[in-house]
Each structure stands twice: as C-alpha cells, then as structure tokens.
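Q: Got a structure here, written out as structure tokens. Questions coming.
The values are calculated or read from the model by the stated rules, or taken from the named source; none is laboratory data. Since this is a predicted model, take the numbers as computed values, not measurements. Neighbour counts run over all protein chains shown; Cβ positions are idealised from the backbone, glycine included. Protein only, heavy atoms only, side chains kept; ligands, DNA and RNA dropped before computing areas. Shrake-Rupley method; radii C 1.70, N 1.55, O 1.52, S 1.80 Å.
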Amino acid sequence: MASSISNNENDFEMESLNTFPKILQHNAKNWPNDVSMREKEFGIWNEFTWNDYNNRVKWLSTALLDMGVEKGDAIALLGDNRPEWVWGEIAAHAMRCYSIGIYQDSMHDEVIYLLDSSDATVVIAENEEQCDKLLELGDGIPKVKYIVYCDPRGMRKYDDPRLIDIETLYKRGQEIDKAQPTYYGQLVATTTPEDTAIYCTTSGTTSKPKIALLNGGNFVKHCSAYLRADPRNAGDNYVSVLPLPWIMEQVYAVGQALIARQIVNFVEEQETLMSDLREIGPSFVLLAPRVWEGILADVQARMMDSTPLKRKLFNYAMKLAKESQAQGKKSWLADVLLMKALRDRLGFSFLKSAATGGAAMGPDTFRFFQTIGVPLRQLYGQTEMCGAYTIHHEGDVDYDSVGVAFDNAQVKVINTDEEGVGEIIAKTVGMFTGYLNNQKAYDEDVIDGWMQTGDAGYFKPSGHLVVIDRIKDLACTSNGVQYSPQYIENKLKFSSFIGEAVILGKDRPYLSALICIRFSIVAKWAEQQGYAFTNYTNLSTLPQVYEKMSEEIARVNESLPEAQKIHKFLLLYKELDADDGELTRTRKVRRGVIADKYGDIISSIYEDKEKVDIDTVIVFQDGTKTRIQTALTVASLLPNPNTSTNELTSERRAS
C-alpha cells in the first residue's frame, strides 16, 4: 500500500490522502495541538487547533446525517469568511455531499437561483442578516430543510422550524461520536478522489453564473501543483479576506491550508482588514486587483495629508528604489528611508509571497508594489480549471505577463494573427468535469479536452503568458483602430482619484470613458481645496473635480498611442455596483449591462452634447430608494478625429 504522503516534503504529493476530509484527519492525528485557524472577535484572536478543526467537521457531518441529510445532497454556505464556513464545506465532503458557496452580499434572486439549481437541502448561514435573507424567500426555496445559523445574536425571536443553532448540531454530533467512536473514521475512509465535491460558481460576466463541478481528488492534486510553484511551510500565516465562494480563496484557505498546514486567519470585519493584517504579519496574502488598487490609493491619500518634507522623502525614496530595481538591485537607502516602515504600516513585513488574480491588474500598480518590496505575483486561471494555473516564479517577475504554467498544466495560444496573438486554451489536472445541468455549455467550452478560455493573449520569447483581454471585449473603432478596453482601464485606475473606468468606442469614431471617482480620495482632496459638496453625486459634478480628472486622464493619454487616446469622458453619478448587475461579485465589469443601462448617456457623448440630464431612482440593498436629478457634463480632452480643420478653427475663434 502506498504511504499516505510523499517522503519529499517539498513536492506536496498527498498520495492516498486524496480528499480534504482525509488530509484533515491526518493533520489532526499527527499535529493535534498545532494552530490551524484564528478568528478575531471583539478584538481578540481566538485560536483553533487541527484537533478542534477536525472535531467541528466530525460533529457537523455526523449530526446532519443523523437528521436525514443524504449522500449527494448539496450543502450551501452563506456568509462572510468564518471558520464555520470552512468546517461546513469539509463536513459536506465527508458526507459525500456537494458544497456550494454563495456570496454573502448576493441579492434574493441570486440566492434562489443557486439554491434551486444545486438542490441544496441545508444552508449554513453566518448570522441573523443572512437568515433574514433566507426566511424572506418564503416558498422560493422549498428544497431547503435546514438553515443552520452560526451566530445566535438576534435569533431568539424566530420560530421557523428549519432554523437550528450550530451549537445544537455540535452537541448532537458529540453524542453520536461517544456512542459510535469509529463512525466518522469510516465515513472519511469512504470518500474517494473521483467524487464531485465542490459546486463552484463562475463569475458570470455575461449572464447568470454557471456552476462548475470539481472533483475532490483533482482539487487536491491541483493545489499540490500550485504549492510546488509557490511553496508554503507549516505554520505560515495566511489572512482570508476574499470571498470564500471564489475559486482562488477555496484554493488558498481550504486546499493549500490543509496540504501545507498553514494557519488561516479570519479578520473581524472588512473595515478592520489593514489593522488585522498588521497584527498577524502574514507570510502570504491573496488580494483582488481592486483591493491592491485600494491599498495604493490609501498610500497616496496619506501622502496628500502629510507634510511637504515627508512628501519629498517619499518621492526621493521611490525614485531611488525604481532606479535600483531597473538594474535588478535593491536600494538599501530607500529601504531605510521609506520601504521598511511602509511595509510594516501595511502589515507586509513578513511576506514571502503575495498574489493577485480574478481580474487584470495594471502594470503600473504591479510595479508600485514590487518597488516598495512586496513580492507580488500575478496569477491567471478560471473557475473551471480549479483556479490559477500560471504564476510568476520567484526572481522572474514580468509586469506585463501572468507568469508561466504550473507543472501539471498545459497552455496554448491558437488561431494566432501576424503578431502571435490568439485565443488561450488550457488543460490541467484540476479541470472541471462539467457544468451542473448544462451539458451544452460544457461542449461549447471544452473541445478535445482543452478549455477554450475566450481570452486573447500571446507568449513572450521568455515563455511568459501575456493576457490582453476577453476576445469578445476587444473592439475596433469605426476608423478600424483595434484596442483593448481593459488595458486602458487599468492604466486609468492607477490614479488614486479613479475608482472605476469603462472605455467606450466600439464602432464609434474615437474612444471615450465613463469614470467613477474614488469617493474617499476625491472627497479628501476636495476638503483640502475648500470645495463644498454633500454626497457622491454632488461631488462628481463639481467643475473643479472635472478639471482634476482631466489632468489624470491626460496623463494616461500621454502613454497611449495616438489612435487609442481618450477624447471625452463623463463622471457617473454613482459607483458601479454588483447589486445593480454592473459588476460581477469578483468586481469585473459587465460590459453588456453597462451598454444597455447607460445607453442614453453613451449616445449623448457621441452626439457631441455638452450635458446629459439624469432623472433616475437608485435602490439600496436595504430596499430604500432615492431619486437622483442632475446634469452630467461631457468633458472633451481632444478634438474629434473626424472634425475638419475649418471646424476646428471656428471652434477656437468661438472660444
């Protein structure tokens, strides 16, 4: 019989430990008192050992089976990142059920869609807020038999028979364990690597998310390959902040943590993220591009508030660091003056590796973090491929690329043009086995065993993969100029004043942009300048804000080819929101929704109107509504390319 784990600790091959429950049981047996998780609550970090972790999973799974949950049922998990979320997932796998994560900010119709599609019979919900959401669905979720709540605060007033406290399940599980001490071990032994274990939702950029079917054993193998590309050590700290329904957080907080025995830390609130990061001093972090952009914006905002001397020191240290970095060196003086203190302030003093994925990150943002000494690496992958399958290797970071493939992955670029750009296709060990109830979509996406990603890209001579954009998003102006909206948008978002950007221009004579200001930064700047405003909408209409944004966009224009420069822009009256369908839950722009929802505004830009009248109603998450009546200014940065010389002369005379 093969040994449970490879003798070589660095290859992370788990051999007969081929499901998550088996790995957890192995860890609890061999390192019962080592810390596996921490959760911050009321300002205190509570620790859970591997034995605690295994016991919670044991009690949950045996209790649910005793209550009539059957093999093949789906267990849904709804709420913020918490230990109970992970325990519930592994318990589902131990029961040979399916786990399906639901984003905690999902709206009612999204929750109904996912619970109904997956045939979920149990929902493990974080707190009263999530239970309220489920109870409000009424008859919309008839298959759900039990709603297990983890936080009892505020729950005493409810009498729905489906509700059950997770502590009650633990007690029931403890009684079963005392009566049948070998029962759970037998359950775990029957789990097989061929079992479909995870129902994972795709990002759903064009429609409702599909549900990818992922095998437990393949997930383990893929996480092992990732660890060979970016190794971890037992006891390394990881801070879980990205939503657990997202495939990459599953890889980090569940798969890699079990295999490499990392400590997963759960922050108290999203608002306390940066202070909690600093307290933990993680070895590894995985943050979405939007979070990295937010950290960069916060650094820039703090510099706006600092003294002239500190600003000069900051700029001088950054200059030194960039010059040294260009030569492949590190500036000790820049580190002493700024970088060491800045990394400490951000909680990045002990980072061995940091990653970003889920959406594209602009090379300027990437370069900033590398410059201050954060070992940031770019990932690339899809939900269907068990997450990322390319990464930068240590000492081989290319800002424009997403690195090279894992040792278990194959990546090709097909149907290339003269410049070598084509569609990226891939296959990995962790590849999904289908979409739930959607064979047609699977047959369209997987051809001869290769996943058709729908992304355009090319390989550099170094072997690094460069991802340009979604093929369907690559566009041409009416003048035949091809451009990548994502590339230009990422350049714009390097500015701390710009929170979101959508580039327009398909079948139009020139490029324009819809811009969302980054309210926290622009508000701070406006206060410093003495400009009065009341809210986001009012601030975004100020002439001084338009002038400032014109400067920021003009700076980006300087780095773009003449034909791809932005001619006009408009500041939207609200932020783009996933609840309004404008963004996916992983913060990707839904271009089809934007084109439809803001069609009148987009048409006005290209009809050379100077103002766009807005009269609309915004619905907030709690159901309250507010009416917005305003006039949006269309700002011109460059003359229209189709404007004649005589027209330009007349315009100048008139002005």
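Q: Can you spot a residue in region 223-233 that is of a type in the set (A, V, I, L, M) and more than 20 Å from Met385 (Cβ to Cβ)?
A: There is no residue in region 223-233 that is of a type in the set (A, V, I, L, M) and more than 20 Å from Met385 (Cβ to Cβ).
Q: Which helices (runs of 4 or more DSSP H) does region 187-304 wholly contain that include 1 or more residues that are over 21 Å from Asn54 (Cα atoms) and either modelled with pLDDT of 95 or more or in contact with a Phe, Trp or Tyr (Cβ under 8 Å, 6 or more places away or on another chain) (or both)?
A: Correct list: 216-229, 273-280.
Q: May I pose another question? If you take just the strands (runs of 3 or more DSSP E) that sit entirely in region 370-489, which of them hold at least 1 residues that are open to solvent by 20 Å² or more (accessible area, probe 1.4 Å) and within 30 Å of Ala595 (Cβ to Cβ)?
A: 376-382, 409-414, 422-428, 450-459, 465-470
Q: Going by the conditions given, is Ile503 within 27 Å of the chain's Cα centre (by Cα) and outside any helix (DSSP H, G or I)?
A: Considered against the rule, which asks whether it is within 27 Å of the chain's Cα centre (by Cα) and outside any helix (DSSP H, G or I), Ile503 comes out as yes.
Q: Name the pairs whose Cβ atoms lie under 8 Å apart, with the first residue in region 246-268 and within 23 Å of Thr383 (Cα to Cα), the second in a loop (DSSP other than H, G, I, E, B) and aromatic (Phe, Trp, Tyr), and 6 or more positions between them or separate chains?
A: Ile259/Phe12; Ala260/Phe12
Q: In region 536-585, which residues are under 23 Å from Lys506 (Cα atoms), among the hydroxyl-bearing types (Ser, Thr, Tyr) and part of a helix (DSSP H, G or I)?
A: Ser550
Q: Would it be correct to say that Phe20 is surrounded by fewer than 23 Cβ atoms within 10 Å (Cβ to Cβ), among the aromatic types (Phe, Trp, Tyr) and either out of contact with any Phe, Trp or Tyr (no Cβ under 7 Å at 6 or more places or on another chain) or closer than 24 Å to Pro243 by Cβ (or both)?
A: Spelling it out, it is not the case that Phe20 is surrounded by fewer than 23 Cβ atoms within 10 Å (Cβ to Cβ), among the aromatic types (Phe, Trp, Tyr) and either out of contact with any Phe, Trp or Tyr (no Cβ under 7 Å at 6 or more places or on another chain) or closer than 24 Å to Pro243 by Cβ (or both).
Q: A follow-up question, please. Pick from Tyr546, Tyr531, Tyr536: which is open to solvent by less than 50 Å² (accessible area, probe 1.4 Å), more than 21 Å from Phe494 (Cβ to Cβ) and of a type outside the set (Val, Ile, Thr)? Before you say what the answer is, go through the steps one by one.
A: Values: Tyr546 fails: more than 21 Å from Phe494 (Cβ to Cβ); Tyr531 fails: open to solvent by less than 50 Å² (accessible area, probe 1.4 Å).
Every option except Tyr536 fails the conditions.
Q: Here's another thing I want to ask about it. Restricting the first residue to region 164-186 and requiring it to be touching a residue at least 60 places away in the same chain (Cβ under 8 Å), which pairs with a second residue that is part of a loop (DSSP other than H, G, I, E, B) and open to solvent by less than 60 Å² (accessible area, probe 1.4 Å) meet a Cβ separation below 6 Å and a spacing of at least six or different chains?
A: Cβ pairs passing all conditions: Ile166/Cys150.
Q: Of the residues that sit in region 504-522 and are small (Gly, Ala, Ser) and buried (at least 18 other Cβ atoms within 10 Å of the Cβ), which one is farthest from Leu576 (Cα to Cα)?
A: Gly505
Q: What is the residue count in region 37-67 for residues that are of a type outside the set (Ser, Thr, Tyr) and in a strand (DSSP E or B)?
A: 10
Q: Okay, moving on. Out of all the residues in region 31-48, is one or more open to solvent by 40 Å² or more (accessible area, probe 1.4 Å), at positive phi and at pLDDT below 95?
A: yes
Q: Condition first: modelled with pLDDT of 90 or more and touching a strand residue (DSSP E or B) at 6+ places or on another chain (Cβ under 9 Å). Can you find one or more residues in region 318-335 that meet it?
A: No, there is no match, as no residue in region 318-335 is modelled with pLDDT of 90 or more and touching a strand residue (DSSP E or B) at 6+ places or on another chain (Cβ under 9 Å).
Q: All but one of (1) open to solvent by less than 40 Å² (accessible area, probe 1.4 Å); (2) under 21 Å from Gly216 (Cα atoms); (3) not aromatic (Phe, Trp, Tyr) hold for Gln25; state the number of the condition that does not hold.
A: All conditions pass for Gln25, except number (1).
Each row is one residue, and each column tells you yes or no for (1) among the small types (Gly, Ala, Ser); (2) within 25 Å of the chain's Cα centre (by Cα).
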| residue | (1), (2) |
| --- | --- |
| Trp525 | no, no |
| Gly530 | yes, no |
| Thr541 | no, no |
| Ser550 | yes, no |
| Arg555 | no, no |
| Leu560 | no, no |
| Arg591 | no, yes |
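Q: Sticking with this structure for a sec: Somewhere in region 373-396, is a residue over 28 Å from Cys200 (Cβ atoms) and among the small types (Gly, Ala, Ser)?
A: The answer is yes, given that some residue of region 373-396 is over 28 Å from Cys200 (Cβ atoms) and among the small types (Gly, Ala, Ser).
Q: Now, a different point. Need pairs with beta-carbon distance below 6 Å; first residue open to solvent by 40 Å² or more (accessible area, probe 1.4 Å) and within region 288-305, second in a helix (DSSP H, G or I) and modelled with pLDDT under 85; sequence gap 6+ or separate chains.
A: none
Q: Kindly provide the set of residues from region 262-285 that are more than 23 Å from Lys340 (Cβ to Cβ) and either of a type outside the set (S, T, N, Q) or surrounded by fewer than 19 Cβ atoms within 10 Å (Cβ to Cβ) (or both), ordered by number.
A: Of everything in region 262-285, those that are more than 23 Å from Lys340 (Cβ to Cβ) and either of a type outside the set (S, T, N, Q) or surrounded by fewer than 19 Cβ atoms within 10 Å (Cβ to Cβ) (or both) turn out to be Ile263, Val264, Phe266, Val267, Glu268, Glu269, Gln270, Glu271, Thr272.
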